[in-house]
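Bear in mind that the values in this text are calculations on the coordinates, not laboratory data. Just so we're clear, the structure is a prediction, and the values are computed from it rather than from any experiment. Every residue, glycine among them, receives a Cβ derived from its backbone with ideal geometry; neighbour counts consider all protein chains shown.
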Amino acid sequence: MNIPFLDLKRMDEALKQRLKSKFGEMLDAGIFSGGEEVAKFERSVGQFLQSRFAIPCANGTDALELALRALEIGPGDEVIVPAMTWVSTAEAVLMVGAKPVFWDTDENGLLKDDWENAVTKRTKALIPVHLYGKMVRMEELTEKARNLGLKVIEDAAQAFGSFQDGKAAGTWGDVGCLSFYPTKNLGALGEAGMCLAQDERLAGRIRLLLNHGQPLRDQHDLVGRNSRIDTIQAAFLNVFLEGFEANQQKRKVLAQCYLEGLSQVAALKLPEGVLEADHNVHLFVVQSSRRDELTGFLAEKGVGTAIHYPAIVPGLKPFETKGDFANARKLADEGLSLPLNPFLKEEEVDFVTKAMVAFFETKNQ
Ligand SMILES: Cc1ncc(COP(=O)(O)O)c(C=O)c1O
């Protein structure tokens, strides 16, 4: 068996043909920055997620930085960030000159709900991360933040298409940041990202910041940068968006297979709430104290896995911060992402679950 963790080459032929013909159309049209494909992408995502403003940009890391800058967060300010996340969440805070203040997660990797204990006079915002595609409880979080006078930037990079109480990930906070990195549920054939906003003034600032502060050609109202989306990526994303919901259903079916196949393994902690609407099943992360041994065993059987992420962010050199962060640390030590993507067959998931059951049965003897 050869079951890669994720192999984008496995994309089906019909879809590859759609993308090739879209690329041909783009070459013929000769428009590679801005244009109708970008406008269409904005409209489609805005409609799908019910977001007043959907502002595409170059990648998810930029989206976070643009959000912070648009909210005028900078030197002297503190921003609360979970200890377990992809590095971008904290990186963006440092890039604008502010200080990330790390807080532990719950055992599923979501910002622990006692985060208000991290608030100081300097705290301006917090960045909840919908890690692995599972949303943080946003009603409670946004209410608490409002009462404390804090801004909320949602890092929804992994949670495109997760909805909680009918409201999309990224539309609860002041700004929601999305990534369309190729491995994401909605992934480009390169880099792309987006800021979601509900306030017109804030959306206007984000638009200015990502295009040299330029409201009109050669008029520059503030110091911005170039973080525009590539037109070609917007065009590919429009194609991918057509098949998004069908792919989501496939993910849910495969997640259900894993849950059924693995529920008997008492030594394994399974992800919670994956079948709920507020989880887009971006990653299927199990936890085991024998994680490394299990990884090797699966690799021998031809099964690829991944670790998201093997170190907590405050443990990394540029972000080094002392602290316990016990849950985040446990996830770094014990979390293992199993292959789960729309290119995978049910038989393959079945093979993985059977291999895992065998691993734990043997080890228990
Ligand atoms: C949680 C999280 N935040 C931010 C990002 C940054 O997105 P990008 O890779 O598009 O810059 C990612 C994706 O890689 C992510 O997973």
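Data overview
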quantity: Segment 259-276-segment 165-200 distance, computed between alpha-carbon centres (Å); calculated: 28
quantity: Positive-pole candidate from MET95, THR305, ALA267, dipole of the chain, charges at beta carbon; calculated: MET95
quantity: Bridge type composition, the chain - antiparallel percent by DSSP, nearest 5; calculated: 60
quantity: GluC sites (Glu not before Pro) restricted to DSSP loop in segment 1-98 with at most 15 other C-beta within 10 Å; calculated: GLU72
quantity: Long-range tail of P(r) for segment 8-242 (Cα pairs > 23 Å, %); calculated: 47
quantity: Residue exposure sequence - VAL349, VAL136 - by fewest surrounding Cβ within 10 Å; calculated: VAL349, VAL136
quantity: Entries of LYS134/LYS184; LYS99/LYS124; LYS112/LYS134; LYS269/LYS354; LYS40/LYS252 with Cα pairs more than 18 Å apart; calculated: LYS40/LYS252
quantity: Rounded to the nearest 20 debye, dipole of segment 8-242 from Cβ charges on Lys, Arg, Asp, Glu; calculated: 340
quantity: Inter-label distance, nm, simple model (7 Å from Cα along the C-beta direction), VAL223/GLU143; calculated: 4.2
quantity: For segment 266-365: rounded, prolate or oblate by the Cα gyration tensor [a/c cutoff 1.5]; calculated: prolate
quantity: Relative contact order %, the chain, counting alpha carbon pairs below 8 Å whose residues are six or more apart; calculated: 22
quantity: Point-to-point label distance, ARG52-LEU94, nm (Cα→Cβ direction, 7 Å offset); calculated: 3.5
quantity: Trypsin sites (Lys or Arg not before Pro) lying in DSSP loop within segment 210-313, provided at most 12 other Cβ fall within 10 Å; calculated: ARG217
quantity: Near-label residues of segment 329-349 by backbone N, under 17 Å of a point 7 Å along Cα→Cβ of GLU293; calculated: 333-336
quantity: Qualifying trypsin sites (Lys or Arg not before Pro) in segment 97-132, DSSP loop, other Cβ atoms within 10 Å at most 13; calculated: LYS121, ARG122
